[in-house]
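A.B. asks: Let me give you the structure first, and then I'll get to my questions.
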Amino acid sequence: DEKEKIPEAGWIKVNDWHHKHRDAVTKFVGREKISELAQPDWVPLAVAAAVQGLGVVTAILYGRHVLPFWSMFPVAYVIGAWTFISRFNVLHDLCHASIQFRPWRKTLMRIFDLPSIGTMNYLYYTYFHREHHHHLGNGHLEGFFDSERDFDGDVLFNGIIMLVRRDTPFEEPGLPPFIFSKNLVVNAVVTTAVLSMLIALEPVLDLVNIFRGKYRQMNNRPRKFHEDMLLQCFISTASLATLWACSSWRAVFFLYLGQVLGKCTFHPAHAFWSSTHGTPEDEQGSSCQPTRSSYFGLPFDVLMFNLNYHTEHHDFPEIPSSRLKELHDLAKPLYINKNVKYVDSISTVLATIENLPIYGCQGKPTRVTSEMKKAA
């Protein structure tokens with residue numbers, strides 16, 4: 001495997017921690033119970049269908065001027081963001097084949113990605129997420145777009161984080177220092193503004209992809225990849241156009257606003273986004289714990305559809321999100337103790353945002369040079 005031949009590239013078997021913890025939890029709970037929890041479940045699909053149906057109906061009500069425009073922001077903050085998180089979670093479960101109707105998994109992923117602003121979630125969960133469970137944001141940045149193989153999508157996330165930290169893996173200098181500020185308010189405003197622009201560009205890029213006949217800069221990927229992604233671009237664009245035609249631009253704007261708010265620093269869900277795989281610089285290496293769960297009680301569990309039980313998920317990715325809380329309760333002494341890191345306070349979340357930790361125990365990403373490849 002090329003990954004194992006280039007140790008300088010930052011490939012670290014960080015999931016060694018999860019393998020050991022999985023063995024301990026399995027011994028504590030029992031193999032039969034783990035097998036029972038890992039049975040495919042239909043609940044995530046039913047919940048996602050209900051929540052996303054609520055989101056679409058709300059969008060149409062705004063599109064047809066039934067609901068006043070001034071109320072869109074608070075409603076999008078709650079229902080719109082929840083709809084986005086629901087979509088994110090059900091695609092995640094479908095990716096791991098942990099829910100029922102496995103033969104129709106790909107079709108269900110197409111359906112539950114709609115209506116979405118852009119196709120990035122579909123791209124990530126169809127082609128990149130499974131590698132995330134092997135390497136968690138390794139530093140192999142070269143060839144991410146052009147390789148014929150599927151890479152860990154977190155490579156890109158990690159590279160962006162390092163650029164913001166000014167620990168750039170590229171030859172170019174890092175981003176201007178004002179992009180990442182120690183002032184939490186400034187940082188939140190700037191990152192939300194950048195996020196807003198990136199999400200707004202998504203449908204535009206999808207249209208460009210359709211006219212180009214290829215998906216983004218990933219030119220060297222197999223033809224089957226481009227055909228699949230272009231079909232999703234077309235379906236996504238058509239769904240947004242239909243929603244606009246049946247109501248108005250306000251319906252699409254509501255979905256856009258919910259997608260932005262669901263990931264922005266000002267939303268409670270950011271306690272999950274910011275802390276899940278962040279690790280301090282002094283805790284890098286193969287013994288580092290690459291994942292943290294977020295425990296803020298039942299309301300947060302409902303908001304995140306149990307995705308916040310993320311250490312549990314990485315221990316047992318085959319268990320559906322609907323049963324992660326049960327797994328946690330059964331093995332609570334192994335998840336809540338001084339040797340396992342987790343997030344259960346706002347101060348920890350704020351410290352994570354302020355310090356912008358290294359992603360997933362991987363250290364600073366390394367640019368893989370042609371000399372390193374030849375040496376390998």
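A.B. asks: When the residues of the stretch 225-267 are narrowed to those that are assigned to a helix (DSSP H, G or I), charged (D, E, K, R) and under 24 Å from the mean Cα position of the chain (by Cα), which ends up farthest from Gly55 (Cα to Cα)?
C.D. replies: By that ranking, first place goes to Glu227.
A.B. asks: Taking the residues in the stretch 185-222 that are touching a residue at least 24 places away in the same chain (Cβ under 8 Å) and of a type in the set (D, E, K, R) as candidates, determine which candidate is farthest from Ala241 (Cα to Cα).
C.D. replies: Checking each candidate, the answer is Arg221.
A.B. asks: Kindly indicate whether any position in the stretch 26-43 is modelled with pLDDT of 95 or more, of a type outside the set (Gly, Ala, Ser), open to solvent by less than 10 Å² (accessible area, probe 1.4 Å) and assigned to a helix (DSSP H, G or I).
C.D. replies: no
A.B. asks: Report the residue count in the stretch 292-337 for those that are farther than 15 Å from His18 by Cα, among the acidic types (Asp, Glu) and open to solvent by 30 Å² or more (accessible area, probe 1.4 Å).
C.D. replies: 2
A.B. asks: So which of Leu156, Leu141 ends up being modelled with pLDDT of 55 or more and aliphatic (A, V, I, L, M)?
C.D. replies: Only one candidate qualifies: Leu156.
A.B. asks: A further question follows. Of the residues Lys325, Lys374, Lys263, which is basic (Lys, Arg) and at pLDDT below 85?
C.D. replies: Lys374
A.B. asks: Let me ask something else about it. Looking at His19 and the list (1) modelled with pLDDT under 90; (2) surrounded by 18 or more Cβ atoms within 10 Å (Cβ to Cβ), which single condition is not satisfied?
C.D. replies: Every condition holds for His19 apart from (2).
A.B. asks: Hand me the list of helices (runs of 4 or more DSSP H) wholly inside the stretch 49-138 holding 1 or more residues that are open to solvent by less than 60 Å² (accessible area, probe 1.4 Å) and of a type in the set (Ser, Thr, Tyr).
C.D. replies: Helices (runs of 4 or more DSSP H) meeting the threshold: 81-95, 120-123.
A.B. asks: List pairs: first residue in the stretch 71-87 and touching a residue at least 12 places away in the same chain (Cβ under 8 Å) and more than 22 Å from Leu108 (Cβ to Cβ), second residue surrounded by 23 or more Cβ atoms within 10 Å (Cβ to Cβ) and of a type in the set (Ser, Thr, Tyr) anywhere in the structure, Cβ distance under 6 angstrom, at least six positions apart or on different chains.
C.D. replies: Met72/Tyr62; Ile79/Thr58
The values are calculated or read from the model by the stated rules, or taken from the named source; none is laboratory data. Here the structure is a predicted model, which is why all the values come from computation and not from measurement. Methodologically, a virtual Cβ is constructed for each residue, glycine included, from the backbone with ideal geometry; neighbour enumeration extends over all protein chains shown. Side chains included, ligands, DNA and RNA excluded: accessible areas come from the protein's heavy atoms. Shrake-Rupley method; radii C 1.70, N 1.55, O 1.52, S 1.80 Å.
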